[in-house]
Amino acid sequence: MAQAVGQMNNNIRPLNHTAARFPAEQATHAQIVHRRRRRVFYCIMVGAIVASVMAVLFQYQQLREASANSQYQQEQLAKSKKVNKDLNQQRKNLKDDAYVEKLIRSRYMYTKEGEVVFNLPDGNTED
């Protein structure tokens, strides 16, 4: 076992006996092939990493848009609930005769018999 690595007797024989005559060319060719394979491997890895980062960024953007949309919908729901509550209160108030009478008198300037209405200017005038 005192033989060097390059001088080991192995059972592998080249099919082309002319290639065995030029071991330096074989080593150079092997280095070129390994470099090419490494480059291809690195390119594939970089491509996979870039694709993964792009996919994560795209998903993050979609998540932010969905979150913003959800927030907007929550605000719209709160506004709609408030309007609904106000409308329900107004419906209840319209069943009260005193409220209806006050509403008609203020909105449509109706008066009771013998009553006189005076329109006064607002106190905000600068005379």
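Just so you know, all these numbers are worked out from the coordinates, no wet-lab data involved. For clarity, every value in this text was computed on a predicted model and none was experimentally measured. Cβ placement follows ideal geometry from the backbone for every residue including glycine, while neighbour counts extend to all protein chains displayed.
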Subject >> Cα-based Rg and Dmax for the range 47-127, where Dmax is the largest Cα-Cα distance (Å) >> reply: 27.9, 91
Original post:
Based on the Cβ-Cβ distance from SER80 to ARG107, what FRET efficiency comes out when R0 is 25 Å, to the nearest 0.05?
Top reply: 0.45
**OP:** Give me the lysines in straight-line cross-link reach of LYS79: C-alpha distance below 24 Å, same-chain residues under 8 apart excluded.
**Re:** LYS92
Original post:
Once fully extended, how much extra length lies between LEU94 and GLU115, figured as 0.36 nm per residue of separation less the alpha-carbon to alpha-carbon distance?
Top reply: 5.2 nm
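Within the range 75-114, report the GluC sites (Glu not before Pro) that DSSP leaves as loop and that have at most 15 other Cβ atoms within 10 Å.
Qualifying residues, ordered by number: GLU113.
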**OP:** Compute the length gained on full extension between LEU63 and THR28: take 0.36 nm times their separation in residues and subtract their Cα-Cα distance, giving the result in nm to one decimal.
**Re:** 7.4 nm
